[in-house]
Amino acid sequence: MVFDSGMLLASLNRLSTSDHQSVVSINLFVALICACIVIGHLLEENRWMNESITALVIGLCTGVVILLISGGKNSHILVFSEDLFFIYLLPPIIFNAGFQVKKKSFFRNFSTIMLFGAVGTLISFIIISLCAIGIFKKMNIGNLEIGDYLAIGAIFSATDSVCTLQVLSQDDTPLLYSLVFGEGVVNDATSVVLFNAVQNFDLSHINTRKALELIGNFLYLFASSTILGVVSGLLSAYIIKKLYFGRHSTDREVAIMILMAYLSYMLAELFYLSAILTVFFSGIVMSHYTWHNVTESSRVTTKHAFATLSFIAEIFIFLYVGMDALDIEKWRFVSDSPQLSVQVSSILLGLVLVGRAAFVFPLSSLSNLIKKSPEEKISFKQQIIIWWAGLMRGAVSVALAYNQFTRGGHTQLRGNAIMITSTITVVLFSTGVFGLMTKPLIRLLLPSPRHLSRMISSEPTTPKSFIVPLLDSTQDSEADLGQNVPRPHSLRMLLSTPSHTVHRYWRRFDNAFMRPVFGGRGFVPFVPGSPTEPSDH
């Protein structure tokens, strides 16, 4: 065996060069994130801009600079990785959304959110897929199979819940925020489930049985993912309540909260469940129980830690999308026929508009039939805003498109390259145009957004929303809980008067069984030296 020192030195040189390039890339990205924060702060009062659009613009400008420096060979410094997105960037965003969401508003509109997020996404998926099959097969795009067309339906049915956080205010428009954001989370989960089902199912022979299997698989994934998120949240609450880490170190209870949240997401990935739903409901349960069991300093720390991680992840995603929009490798395939690329992007954008309108307005009417109170009904102007705000496509669509049409972030097939570039075009256009116009549209259609929904107007603003009981009714006293609550006489009454039935039943159950075991609002941690542990009531 001959030892070749020359080959060893060459290998070490390549490794050192690769490491140096990684350091350069990380430095550039950190500097760009800092620039986004500074510029976003300076544009805070601008009603047209938000952090997402700012990051996209900075990413585009950086891509242009890199493209010029490299002589037109490259426009980004990182290659897209599905693992980077789904395992590291998405969990803090979705968890923080569940952790900070106003639970009362979310669960009051839960039936409408499920209608939009599950049934509506399925309707949009069917419309976009069928239209894509009928239109794109007649165009000279490339060799796309039936699975690719169905994947297109799943990709463009995924709304951008990240952008929704930027353009809608939880305090100014609580009803719209609850509906659009809640739908966005369920919608993302549904789109990912449909996308995985399209990849795993044998699509050569589609029949009624396979369609029912697909629906059954979705219901199983939704239920099991939700249960896993609730269980992980309750487990963290029980551990922190019983062991009381704060008497020795607040760092430990903060670490337990962060790690248990991330563990719930990874367990869902391990068991092939919907990790988005799991970590979202884990965040809701942790904010209701676990967060109240830690010390005051840990509450402040965890609240800002989750929000900061989510904020950085959001900026990182949009920075990368802006850079990758100028990826020369993919645009080279469509450079000989730019008209075709424009046509495909326009068709996809039109399908997004039609697919969303096809379920927002009919399902809003169905929701209004169930609800008796005029204050709970969705007006036509609100329906327009819900339709418009949900038109934005973002990081989930990009990630699914890369998953379907690339291998390791690269593609050498013309049809796949066209779909990638068209997806990026739709994301940029929808985020830029629809995102910019959402706030002015709200001011135009709803000039007094703070008075939109009287039923939730008494709910305190963030961060005080952390102390609001789950499914709480409007300032019910403890004495009210002891009164006889009329039982619903029909399913319609159960759905139309939740504030007098389901909510109060839940509060009684929560006060009697859940909070004594898992802690929560009103629980004071046991301090060594005190005679007894304080009561939860």
Yes or no: ILE93 at pLDDT 70 or above, part of a helix (DSSP H, G or I), out of contact with any strand residue (DSSP E or B) (no Cβ under 8 Å at 6 or more places or on another chain) and crowded, with 18+ Cβ neighbours inside 10 Å? yes
Here are some conditions: (1) in contact (Cβ under 8 Å) with a residue 24 or more places away in the chain; (2) more than 18 Å from ALA154 (Cα to Cα). ASP83 meets all but one. Which one does it not meet? (1)
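Test SER157 against the stated conditions and say whether it is open to solvent by less than 20 Å² (accessible area, probe 1.4 Å) and assigned to a loop (DSSP other than H, G, I, E, B).
So SER157 passes the test.
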What's the number of the only condition in (1) within 27 Å of PHE85 (Cβ to Cβ); (2) more than 22 Å from the chain's Cα centre (by Cα); (3) open to solvent by 40 Å² or more (accessible area, probe 1.4 Å) that LEU353 fails to meet? (2)
In this structure, does LEU348 turn out to be open to solvent by 20 Å² or more (accessible area, probe 1.4 Å), at pLDDT 90 or above, closer than 28 Å to SER52 by Cα and under 25 Å from the mean Cα position of the chain (by Cα)? no
I need the helices (runs of 4 or more DSSP H) fully contained in the stretch 282-386, keeping only those with at least 2 residues that are among the acidic types (Asp, Glu) and closer than 25 Å to TYR402 by Cβ. 296-324
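Just checking, does the stretch 282-302 include any residue being under 24 Å from PHE107 (Cα atoms), among the β-branched types (Val, Ile, Thr) and under 16 Å from the mean Cα position of the chain (by Cα)?
At the first step, the residues of the stretch 282-302 found to be under 24 Å from PHE107 (Cα atoms) are 282-293, 299, 302.
Of the ones still in play, those that are also among the β-branched types (Val, Ile, Thr) are 284-285, 290, 302.
Filter once more, so that each one left must be under 16 Å from the mean Cα position of the chain (by Cα): 284.
So far as the stretch 282-302 goes, yes, one or more of its residues are under 24 Å from PHE107 (Cα atoms), among the β-branched types (Val, Ile, Thr) and under 16 Å from the mean Cα position of the chain (by Cα).
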Residues in the stretch 296-310: is at least one within 22 Å of GLY184 (Cα to Cα) and touching a Phe, Trp or Tyr at 6+ places or on another chain (Cβ under 7 Å)? yes
Inspect the stretch 195-214 for any residue being open to solvent by 50 Å² or more (accessible area, probe 1.4 Å), more than 21 Å from PHE116 (Cβ to Cβ), acidic (Asp, Glu) and modelled with pLDDT under 80 and give the result as yes or no. yes
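When only residues in the stretch 328-345 that are charged (D, E, K, R) and open to solvent by 10 Å² or more (accessible area, probe 1.4 Å) count, which is nearest to the chain's Cα centre (by Cα)?
Within the stretch 328-345, the match that is nearest to the chain's Cα centre (by Cα) is GLU329.
The values are calculated or read from the model by the stated rules, or taken from the named source; none is laboratory data. On a predicted model such as this, the values are computed, not experimentally measured, just so you know. With ideal geometry, Cβ positions are generated from the backbone for all residues, glycine too; neighbour counts draw on all protein chains shown. We work out accessible area using only protein heavy atoms, side chains counted, and drop any ligands, DNA or RNA first. Shrake-Rupley method; radii C 1.70, N 1.55, O 1.52, S 1.80 Å.
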